[in-house]
Amino acid sequence: SVSTDGRFDISNADRLGKSETHLVNIFIRGVKTFIEWEQMLESGKSIDDVIANTKAWEPAGSYPPTGLAATVVGLPEWIKAGCGDAEYICAEKGATFPGDVCPASLPDLSGHNNFATDVLKADPSLYGKLKDRKTEKGVSLAKCLKTGIDNKGHPNIKTVGLVAGDEDSYEVFKDLFDPVISARHGGYASDASHPTDMNPSNLLQEKIDPTGKYTLTTRCRTGRSVRGFRLPPACSFEERRELERVIVKGLMSLTGDLEGEYFPLHGSRSFAGKPTGMTEEKEEQLRKAGNLFQEPDST
């Protein structure tokens, strides 16, 4: 309604086609959004772009979502260009190599410095040999190589410059992956057998910092891939949601000392137990503690 002494009566006009809880949730999210806009205005920020890209709340089953999330609408264009399933193309950042089909000719690599481009510079014929191949799940060489072409690297910081789009990438493009892996991991051969030791009694019992003056915190990070799914550089929105469902189902079945709680990122709508994800406060707490998963890169 119109303002009465600075007060507004707010209601949503939707009725048919939406459940009772759906309508209430639209109202809750709508009022919360109005307050966020008001706070932005009070701090001197413009809300024009935010309003233009704001979508009505939808239940978790209404996937895939469209448009940009409110948390990223106000970010620079070069960041927003990488949000969603579309390939990241941004001339401002030099990210112009396609991620689906390789160009006919290998781009100029004279200014590049990463393991993948080193291999291609040493044997340019590899590009012509591999550029038209695809794995059974549709991963192309372009998808694997895009990060190494877009990011030229630094003379003193050697990155890999190559990512696998799925498990088969290592075989379909092995002529490139094998020498890159060998160079990155000190001569690790393609037929080598990776050792494994999960016996905790073999861990050193030494204290890293007996004085307690120098070390603030330590952590061990492990990573595993789930067979049957494409890897992060190539997986789709639907694949990520199914992968999340499978992993969370497994984790939520743990008991005893391993039992825990799942915290989706703030704004996530993929987990029924937390339909809007964790709170912003919880997300910031986990970020400061170094406990949030990082996005994948080519290092």
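We did not get these values from a lab; they are worked out from the coordinates using the rules stated. Bear in mind the structure is a predicted one, so any value in this text is a computation, not a measurement. All Cβ positions, even for glycine, are placed from backbone atoms using ideal geometry, and neighbour counts span all protein chains on display.
In table form, for the structure just shown:
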quantity	calculated
Long-range HN-HN contacts of Ala95 with modeled amide H, under 5 Å	Cys90
Residue among Cys220, Gly153, Ile35 farthest towards the positive dipole end of the chain, charges placed on Cβ	Cys220
Size of electric dipole in the stretch 178-243: Cβ of Lys, Arg +1 and of Asp, Glu -1, about Cα centre, debye, nearest 20	300 debye
Kirkwood estimate for the chain, i.e. one over the average of 1/r between Cα atoms, Å	23.5 Å
Amide proton proximity set for Lys134, modelled H, under 5 Å, gap of 5+	none
Relative contact order, percent, the stretch 177-299 [alpha-carbon distance under 8 Å, six or more residues apart]	10 percent
The chain: relative contact order in percent, alpha carbon pairs under 8 Å with at least 6 residues between	13 percent
Cα-centred dipole magnitude for the chain, charges only on beta-carbon of K, R (+1) and D, E (-1), debye, nearest 20	260 debye
Computed lengthening from Ala122 to Ile89, 0.36 nm per intervening residue step minus Cα-Cα distance	9.2 nm
The stretch 210-247 and the stretch 80-120: distance between their alpha carbon centers, rounded to Å	25 Å
Anchor Lys129: lysines whose Cα lies under 28 Å away (excluding residues fewer than 8 positions away in-chain)	Lys121, Lys137, Lys143, Lys146, Lys152, Lys158, Lys174
Tally of Lys pairs whose C-alpha atoms are under 29 Å apart, taken over the stretch 179-299, 8 or more apart or cross-chain	8
Folded to 0 to 90 degrees: helix 141-150 orientation relative to the chain principal axis, Cα	80 degrees
Cα-based helix-to-principal-axis angle, 237-251 vs the chain, degrees rounded to 10	90 degrees
